[in-house]
Amino acid sequence: MNFIWILDGSIIGLYILFSLLVGLMIRKYVHNVEDYLVAGREVNLYAGMASLAATEFGIVTCMAASQLGYRYGFSGAIVGILLCISMFIVGKSGFCIKKLRDANVMTLPEFFEKKYSPRVRWAAGVIIVTGGLLNMGVFLRTGGDFLVSVVGLNENYLEITMTILLLIVAVYTILGGMLSVLVTDFIQFILMSTGMIVVTIYIVYTIGWNNILNTVHNTYGDAGFNPFINKNLGWQYVMYTFLTVSATVLTWQTMISRVLSCKDSTIAQKMYTKTSFFYIVRSLIPVSWGIAALTIWNPLALNGAPITAMPKLLSQILPTGLIGILVAAMLAADMSTNSSYLLGWASVIYNDILSVLHKGTWSEKKSIFINKILVGLIGLFLLFYGLWYPLKSDLWIYMTLTAAIYSVSVSTLLIAACYWKKANTWGAYGAIIFGSTTPLIFLIMQQIPSTLKLATSIGPYYSGISAFILAWIAMIVGSYLKIFYYKTIENKDLGGI
């Protein structure tokens with residue numbers, strides 16, 4: 001363990017204090033709800049790119065990607081490649097996001113009200129918040145595990161440390177909203193990128209790139225480079241991942257909030273296309289770290305806990321000073337992610353779920369106050385949920401399945417709203433029900449001993465693919481049923497005349 005509190009701890013402490021002060025300074029520029037939730041829709045290209053990149057990379061993302069690298073070699077990096085492709089296509093074509101930004105809404109469910117109904121807006125809001133909170137629920141625990149392994153933090157102080165870090169993020173998010181998040185994101189992106197690049201160079205120099213390549217080949221053979229022939233992945237994993245990341249690009253609240261905060265749809269599209277290539281790097285670097293850990297510990301050495309391989313590697317090979325920079329960079333990434341997620345779910349609760357109460361009549365001051373309360377309450381939920389939920393699969397699989405609880409159904413609603421004139425409320429309800437319950441039932445089955453064997457035999461990949469298929473079937477069948485039903489009523493009325 002090369003972490004020294006006097007030097008490395010000081011680097012981390014100074015950065016956290018700096019981020020807090022900057023975030024607090026921005027609060028004076030928040031005057032209304034639009035400022036608080038979408039930064040007054042004045043985000044330019046480069047601020048949007050930095051914020052989008054910083055938001056979508058945290059400790060949990062790094063840990064999940066490194067776990068994929070450790071278990072599957074470079075095949076685990078297919079996630080970043082598919083995400084880059086999907087994001088570039090959406091940005092270049094403007095698929096859905098152009099119409100979404102041009103609608104001048106603050107959240108996705110608000111957009112649905114114009115196509116479907118207020119009740120569909122409310123139902124979509126509930127699903128988004130449910131899936132989002134479950135997805136974020138493991139962030140704090142994973143970040144704590146990272147600190148325990150890299151810093152040597154006493155596990156008895158893990159909960160206290162998690163609470164303090166969450167409190168710091170919550171304070172500047174509560175007070176400054178999206179404006180504070182954007183400014184701190186920009187700073188955190190610079191530190192995060194610098195730290196990751198320096199550490200990667202050091203790891204490759206210390207272990208050797210040829211050793212990393214040879215380890216993958218010797219451990220996994222060609223399957224370590226080709227996910228299609230990997231017996232633990234295969235075509236179903238690739239398809240499941242592509243569907244999942246594509247739905248995420250279109251609907252994930254923290255990504256869409258950047259689209260809605262841009263000055264116009266043109267900037268939003270450019271933000272997607274220019275940031276897309278970052279997602280290959282976001283995946284490849286931590287995957288490489290996981291593989292580097294594999295050169296030291298074989299799959300049996302960690303007692304079935306490959307999630308700890310990467311942070312243990314970093315704690316042993318990084319020198320004093322550099323390890324402080326790395327932890328500061330990882331905390332920067334985590335703070336950026338947590339702040340955006342806190343604000344993202346709070347915005348949906350206020351704008352869509354509570355819309356039945358305020359109906360747009362609350363004063364700006366009261367609305368901002370309610371949003372601040374919501375951020376605080378979400379923080380409390382995440383703190384307690386993160387302490388007890390046991391993972392039953394890869395961290396990446398858990399993250400995609402919880403995201404699928406809402407991204408499957410909501411992406412179906414969004415695409416249909418933009419491009420299918422016959423889509424209606426019956427189809428929307430069907431897509432929400434089948435798209436959300438399929439992954440949710442699978443997660444529940446994993447936690448019940450009597451159904452665990454069945455869940456294992458089905459597997460998360462087929463469960464995820466079936467959710468997309470069922471959501472679209474429900475959308476199409478439900479929409480046509482409503483059309484047929486009302487045509488039948490019209491014919492009866494005409495016959496009576």
Next item on the list: Please work out if residue 236 is crowded, with 22+ Cβ neighbours inside 10 Å and either farther than 22 Å from residue 196 by Cβ or touching a residue at least 40 places away in the same chain (Cβ under 8 Å) (or both).
Entry: no
Check: Within the range 418-427, how many residues are within 21 Å of residue 98 (Cβ to Cβ) and crowded, with 21+ Cβ neighbours inside 10 Å?
Finding: 1
Next item on the list: Run residue 44 past the list (1) out of contact with any helix residue (DSSP H, G or I) (no Cβ under 6 Å at 6 or more places or on another chain); (2) closer than 30 Å to residue 203 by Cα and report the number of the one that doesn't hold.
Entry: (2)
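Could we say that residue 26 is buried (at least 17 other Cβ atoms within 10 Å of the Cβ), among the β-branched types (Val, Ile, Thr) and at pLDDT below 65 here?
Considered against the rule, which asks whether it is buried (at least 17 other Cβ atoms within 10 Å of the Cβ), among the β-branched types (Val, Ile, Thr) and at pLDDT below 65, residue 26 comes out as yes.
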Margin query: With the requirement that a residue be surrounded by fewer than 21 Cβ atoms within 10 Å (Cβ to Cβ) and assigned to a loop (DSSP other than H, G, I, E, B), what does the range 55-94 give you?
Written below: 94
Next item on the list: For the range 408-439, enumerate the residues that are more than 17 Å from the chain's Cα centre (by Cα), of a type in the set (A, V, I, L, M) and either over 15 Å from residue 114 (Cα atoms) or modelled with pLDDT under 85 (or both).
Entry: 431, 432, 433
Next item on the list: Would you please list the contacts, defined by Cβ atoms under 9 Å and residues six or more apart or on different chains, that run from a residue in the range 460-474 that is under 13 Å from residue 244 (Cα atoms) and touching a residue at least 24 places away in the same chain (Cβ under 8 Å) to a residue that is surrounded by fewer than 20 Cβ atoms within 10 Å (Cβ to Cβ) and hydroxyl-bearing (Ser, Thr, Tyr)?
Entry: 460/393; 467/437
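Taking residue 405, is it modelled with pLDDT under 90, assigned to a helix (DSSP H, G or I), closer than 16 Å to residue 123 by Cα and not hydroxyl-bearing (Ser, Thr, Tyr)?
So residue 405 fits the description; yes.
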Margin query: Which numbered condition in (1) in contact with a Gly (Cβ under 8 Å, 6 or more places away or on another chain); (2) modelled with pLDDT under 85 is the only one that residue 300 fails?
Written below: (1)
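The values are calculated or read from the model by the stated rules, or taken from the named source; none is laboratory data. Worth saying up front: this structure is predicted, and the values here are computed from it rather than measured. Positions of Cβ are generated from backbone atoms using ideal geometry, with glycine treated the same way; all protein chains shown enter the neighbour counts.
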